[in-house]
Structure formats: C-alpha cells, structure tokens
1. What are the pairs with Cβ atoms under 9 angstrom where one residue, in region 482-505, is on the phi > 0 side of the Ramachandran plot and the other, located anywhere, is surrounded by fewer than 15 Cβ atoms within 10 Å (Cβ to Cβ)? Sequence gap at least six, or different chains.
2. For GLY335, indicate whether it is over 30 Å from ASP589 (Cα atoms), within 43 Å of the chain's Cα centre (by Cα) and open to solvent by 60 Å² or more (accessible area, probe 1.4 Å).
3. Please state which one of ARG577, ARG610 is over 22 Å from LYS206 (Cα atoms), under 28 Å from the mean Cα position of the chain (by Cα) and of a type in the set (Lys, Arg).
4. May I ask you to verify whether ALA657 is part of a loop (DSSP other than H, G, I, E, B), open to solvent by less than 10 Å² (accessible area, probe 1.4 Å) and modelled with pLDDT of 90 or more?
5. Applying the selection to region 129-185, what residues are modelled with pLDDT under 95, in a helix (DSSP H, G or I) and either closer than 20 Å to LEU219 by Cα or out of contact with any Leu (no Cβ under 6 Å at 6 or more places or on another chain) (or both)?
6. Considering each residue of region 488-514, count those that are touching a helix residue (DSSP H, G or I) at 6+ places or on another chain (Cβ under 6 Å) and over 22 Å from GLY421 (Cα atoms), and give that number.
7. What pairs can you find where one residue is in region 586-602 and within 25 Å of HIS625 (Cα to Cα) and open to solvent by 30 Å² or more (accessible area, probe 1.4 Å), the other is in a loop (DSSP other than H, G, I, E, B) and modelled with pLDDT of 85 or more, and their Cβ atoms are less than 8 Å apart, with a gap of 6+ or different chains?
8. Does region 536-548 include one or more residues that are farther than 26 Å from ASN619 by Cβ, among the aliphatic types (A, V, I, L, M), modelled with pLDDT under 95 and assigned to a loop (DSSP other than H, G, I, E, B)?
Amino acid sequence: MNAIPELLAPAGSPDALDAAIEAGADAVYFGASLFSNRMRAKNFSDDEIVSAVRKCAAYGVASHVTLNIRMRSRELPEAVSLARRLWDAGVTAFIVADAGLAEAIKKEIPEAVLHASTQTTGVNSRDAAALEKLGFSRMVCPRELSKDELFALVEESPIEIEAFVHGALCVSVSGQCLMSWAMGGRSGNRGECAQPCRLPYSKNGKAPTHALSLKDSCLARHIPELIGSGVSSLKIEGRLKAADYVFGVTRVYRRLLDERRAATDAEVRELDSYFSREGFTDGYFTGCRRGMNGMRPEGEAAKSGVFTGLSEKVKISAHAVLKAGEAASLTLSDGAVSVTVTGDTVDAARSAPTDAEAAFRSISKLGASPYALRREDFTFDGSDGFAAVSALNGLRRAAVEALTDEKAKALRRKSVPFALGEAGDGLRSMKSAEFMRRDDVPREAEEYFDAIFLPEREYYLVPTDRRGKYALSMPEWCADGEKSKKIIEKYSDCGGRLVLCHTAGQISDARDAGLCPVASFRLNVTSPEAADVVRRLGAVRVTLSPELPAAAALAIMKNDAALCAVSYGHLPLMLVRKCVIDGEKCSGDCLGKGCPGRAALTDRKGEEIRVLAVGDGVNVLTNPHVIWCADRPEFSRSCHFIFTEETAAEAAHVISADERRLSPEEAGVGGIRRL
C-alpha cells in the first residue's frame with residue numbers, strides 16, 4: 001500500500017500560515033517580500049519569514065520557501081544571502097525556477113534541498129532527470145498532465161514529483177506565458193502577472209467571452225488514484241487567498257487523505273463555498289477538456305468566518321537537573337525529538353535551594369513560543385543547588401532553540417548535489433530562424449540563415465538532399481519522456497546535428513545523443529549565470545529571454561558569443577494544452593481533418609491575438625506586435641527569427657529588410673515592439 005502523500009498548503013500571510021497548520025497540512029509553502037512568484041500576496045517580511053520557518057518546525061510542518069522568479073545577476077547575491085539565513089533558521093526546502101540561482105544556492109549551501117518550480121516547465125521524466133543534475137530533489141509537475149501521464153512520470157522519475165490537487169488554473173503552461181509582460185510590462189516570470197487571461201475576448205469576431213479563463217481545478221474525487229500513483233506531494237494552490245480559504249480547503253483534503261477516499265458531493269460543495277470559478281474542473285486529469293472555462297461571478301463572496309486561530313500549542317515535556325557543583329542541564333522533548341542543553345555550574349545554595357516549583361515557574365514561561373509545558377510533564381533532579389532566574393531563563397531559551405533546530409533537521413529530505421561539469425564549445429555568430437511550416441520557408445531564408453528549425457512533422461517533409469541548413473525543433477510540449485528521447489534518437493540516426501530544445505531534458509538528451517542542442521527562449525534565461533548552467537547542461541547556443549530589456553540582453557551577449565536574442569517575430573505568448581481554437585467542438589484530432597488550425601482573439605483594445613494549433617491538442621497564442629531589430633545592427637551578430645503565420649513572400653520581405661537594415665517604417669511594417 002502506497003504511503004499517503006504530503007499535503008502541501010499555501011500561506012500568503014502569517015494568518016494563512018496558522019490556518020494551514022491548524023488544518024493539518026504536512027508542509028506549507030510561502031514567499032519572502034522579494035524573489036517570489038506571487039508578489040501580489042501579502043508574503044512575509046524578513047523577520048516574519050524567519051519566525052514562520054521556526055513556527056513550522058516547532059509544529060512539525062515542513063516549510064518550503066519560494067524563490068521562484070527569473071533572476072538578474074545583480075539580484076543573485078541578495079537572494080543567496082536570504083537563502084543562507086533561512087537555511088540556518090531551519091527551512092525545509094527552496095522552490096526555485098532559475099538555473100543560475102539553483103547553482104548559486106548550491107555553491108553557498110551544498111546541503112540545501114531544492115525543489116524545481118513548475119515555472120521550470122519540467123514536463124516528463126527526462127526533464128526530471130536533467131533537473132536532478134542541477135541539484136533538484138523534487139519537480140513540481142504541470143497541472144496539464146493527465147492521470148496516465150502523471151502515473152508514468154512518477155514511476156519513471158529519478159526524483160520526487162509534486163502535483164497540484166486544487167486551486168486556480170492558468171490557461172498557459174507554467175513558465176510559458178509572456179502575455180502579461182507583452183500586454184502591460186508585468187512579467188509573470190517575475191511574480192507580477194496582471195492576469196490578462198481573465199479578461200473577455202472576442203473569438204473570430206463573435207461576442208466576447210472568457211475564452212482563456214479556466215475554472216479552478218479540484219481533484220478531490222480522485223484522492224485514491226492520486227495515492228495509488230505514488231506521487232510525493234499534493235499541492236493546494238492559493239497564496240493569494242485568505243486564511244479562511246486555506247483552512248477550509250486544507251481541512252477537507254486532510255480528511256480525504258487520512259481516510260484514503262474520494263470526496264462526497266457534500267464535500268465538493270463545501271470546497272466550492274470557499275472559492276471556485278463557476279464550479280470546478282478535473283479536465284486535465286481525466287483527459288476530458290470540455291466545460292473547463294469559468295469565471296468568478298462579480299460580487300459573489302467566498303465563505304468566511306471559518307478559521308478562528310491556532311487552537312493549541314505543541315505540548316512538550318522537560319527535565320531539569322540543578323545539582324551543586326555540576327553544570328545545569330535542561331532536556332526538552334516533544335515525544336519524537338529530544339534535546340539537552342547545559343549551562344553554568346550550579347552554586348551550592350546558601351539558604352533556600354532552587355526546588356522543582358521554582359524551576360518550573362521559570363522554565364514553563366514559554367510566552368509567544370509555539371510550545372507549552374504542563375506541570376505534570378516536568379521533572380526535576382536537584383536538592384542542594386541554587387540557580388538564578390536569569391540563568392534558568394537562559395537555559396530555557398537555549399533549549400527551545402535547540403529543540404526547534406532538531407525538529408527542523410528531522411523534516412529535511414536528502415539533498416541532491418549539483419552535478420554539471422564545464423561547458424563545451426559554443427556556436428558563434430549564427431543567424432537562425434524557426435518556421436511552423438515547410439511551405440512558408442522562402443528560398444531567401446535558405447540563403448540568409450545558418451540554420452532553419454522546423455517541427456518534426458515538417459522537417460521530414462524536406463527532401464533528404466536539401467536538408468543542409470534545416471534542423472529539428474523539438475515539440476514545445478511532450479509529456480512522454482520516452483517519446484521525447486526517441487524523437488531525438490531518430491533525428492540523430494538520420495544525420496541531424498543542430499536541434500532546437502525547449503526544456504532541460506531535451507537539451508540533456510540531445511547532448512547525450514551527440515547532437516548540438518540550441519536552447520530556445522522558452523528556457524527563460526535572464527542572466528549570464530543561468531546561461532552558463534544551460535551551456536553546461538549541453539546547449540551549444542542559448543537564446544535569451546525576450547523579457548530582458550535590450551541593454552541588458554546586449555550586455556550579456558557581449559561577453560558570450562554563444563548567446564543570442566530573438567530579433568524578429570510575433571512572439572509566442574502562451575502555450576496552452578486546451579483547444580482555444582475550436583473550444584467545446586474540438587474533436588481531439590489536432591491539425592487533422594476538420595481542425596481549423598487557427599483562430600483570432602480580439603481584446604478590449606482591438607488587438608488581435610492569433611491562436612495556432614501545433615499538435616497534440618496544444619495551442620500557441622502569438623503577440624500581435626512583432627519584435628523588430630533590423631535597424632539595430634548590434635543584434636545582427638547572433639540572432640534568432642521566429643516565423644509563425646508569415647507566408648513565404650512575407651518572410652522574404654522581412655529577410656530583405658533585415659539585410660538592408662531597414663526601420664519598420666522603411667519596411668512598411670506596423671505594430672512593432674522594441675526590445
């Protein structure tokens with residue numbers, strides 16, 4: 001029989017932390033005031049977060065601190081300093097997305113436990129294996145996995161798998177959304193998401209609907225299956241939620257896990273009363289993705305008045321020894337962990353010795369600490385010694401700290417070492433492009449670019465004798481690790497060399513197959529430190545995140561010719577594993593007969609966002625504003641173009657404009673976005 005997985009609850013505030021503990025969470029995740037991917041949550045100040053870590057340890061609850069934004073170089077020292085302080089305080093694990101930060105933490109704290117945030121877009125077991133090389137002992141998997149995909153991942157993964165069990169669903173795969181940044185400059189990868197997916201959009205000119213807003217996920221009816229999967233942790237989303245929500249939802253899942261059963265209709269209605277968006281969905285888990293859209297009706301209030309505070313403290317026992325001529329000692333135990341601390345030598349009593357009652361009065365003054373000591377749980381050994389109240393107070397404080405330290409250590413899992421060597425040779429001064437369709441590649445592209453990447457289905461349409469500059473672009477989404485590996489092996493067997501990779505696992509597997517992996521912008525590299533880690537994983541070239549300001553990107557590229565920037569393209573804004581194009585009518589035959597293949601969403605400002613099918617039920621949403629750098633020669637040395645819907649003639653026009661260093665006005669191109 002499989003063990004019950006860890007129940008991991010959110011805490012966006014100190015009150016929510018108390019609510020999670022009271023409701024029976026095994027672990028809690030929360031963020032500091034900086035470096036957290038939920039910057040709109042109340043979060044914890046520097047002093048509060050240390051206290052939160054200590055409180056979790058005292059209650060036997062694991063503390064997972066989120067340091068999961070994409071980092072800039074200047075931020076790394078402060079982030080590592082925070083990690084050091086929290087590790088010393090007893091934090092159980094860090095949830096990290098940035099490869100550069102992962103290595104920096106491991107250098108400072110080799111024994112630190114790292115969990116790979118869902119923002120890393122680790123999709124399958126091959127990604128998990130690559131993340132293990134980066135020092136991660138757990139991967140938070142995407143919400144979009146089906147039951148069978150999750151089961152296979154858990155079985156094949158070399159590290160622990162954590163899965164979301166309840167809460168809000170982003171329509172985009174985590175780590176693959178640039179929409180908030182592109183539309184308003186607020187990066188979801190930096191914890192600043194403005195949630196444009198919750199706004200109404202008109203599809204193909206019809207009346208506006210909330211086509212990108214999904215209902216909240218609820219897998220409460222699937223608890224026995226989840227336990228059977230062997231998944232290590234079940235995560236409740238909700239760091240923006242109040243304490244009442246955290247308490248109510250956590251309490252329901254605690255009961256279901258302990259009783260190893262599925263939720264009843266009444267329990268699902270109870271969960272709905274705390275918060276939902278027109279009900280719940282389990283569409284990704286079951287594979288039935290109809291009826292997943294929903295919005296919270298305006299003015300509808302969530303259930304309140306559920307959480308009333310922590311009901312009790314942690315009961316401990318104590319044994320004090322105060323014998324004249326010997327060091328004073330105090331032993332504290334919570335029944336599982338026991339510590340003993342010693343103090344100064346006890347003086348002989350000149351008149352009245354310190355007796356059991358006097359010692360208890362001082363030692364039981366635990367104040368605001370999480371512990372409570374009853375008289376019947378206190379024992380005393382001594383008859384002729386005297387200890388001042390100040391000495392007893394110091395002994396008590398030292399013992400409480402020691403007990404909390406030991407409880408924190410007991411909660412930690414085994415650390416995984418960072419295991420990457422040096423980077424190999426990188427590709428330099430290369431111009432590359434990716435196209436979605438072979439028929440849209442003009443002759444000019446074959447002459448202008450050093451490499452042209454195509455999806456698998458299109459690459460093999462190119463005649464063998466014309467594949468010289470053509471290369472494979474791996475699937476943006478592939479939940480089957482073995483399938484991903486076989487795609488790489490087939491390409492290698494056919495004489496392929498360059499391969500555009502979108503995940504850590506694809507890079508690692510491509511390198512192992514003797515190929516030259518190129519890391520796409522989907523790796524979200526925002527610092528030279530992160531680029532170095534990706535290079536050492538196996539990439540011969542790394543595409544920087546388009547979210548970087550132009551000056552920052554150029555500064556990074558200046559020192560490493562194997563780095564490049566996206567210098568043209570309608571940038572993919574979202575990767576969606578639910579059909580937006582055909583909605584409820586989707587047959588599931590993606591790009592097959594009857595599949596429209598594309599659609600257009602118009603926002604409230606009249607901007608048209610194109611939606612493209614890319615296979616396996618996955619859609620890509622593209623930015624209506626094209627990136628343009630033709631008139632910026634500093635980007636021409638090493639650059640990457642992204643062609644999505646451009647015809648061959650339109651692509652040829654872009655290439656001609658780039659050759660002649662034309663401005664968008666000179667090229668007759670509107671709707672430009674400057675880096």
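1. GLY495/THR464
2. Yes, satisfied.
3. Result of the check over ARG577, ARG610: ARG577.
4. Taking the combined requirement at face value, the residue does not satisfy it.
5. SER180, TRP181, MET183, GLY184, listed by residue number.
6. 1
7. From region 586-602, the pairs are PRO596/ILE581; ARG598/ILE581; ARG598/GLU645; THR602/GLY205.
8. no
The values are calculated or read from the model by the stated rules, or taken from the named source; none is laboratory data. None of the values given here were measured: they were computed from a predicted structure. Ideal geometry is used to build each Cβ from the backbone, glycine not excepted, and the neighbour counts take in all protein chains shown. In case anyone asks, the SASA skips ligands and DNA or RNA and just uses the protein heavy atoms, side chains included. Shrake-Rupley method; radii C 1.70, N 1.55, O 1.52, S 1.80 Å.
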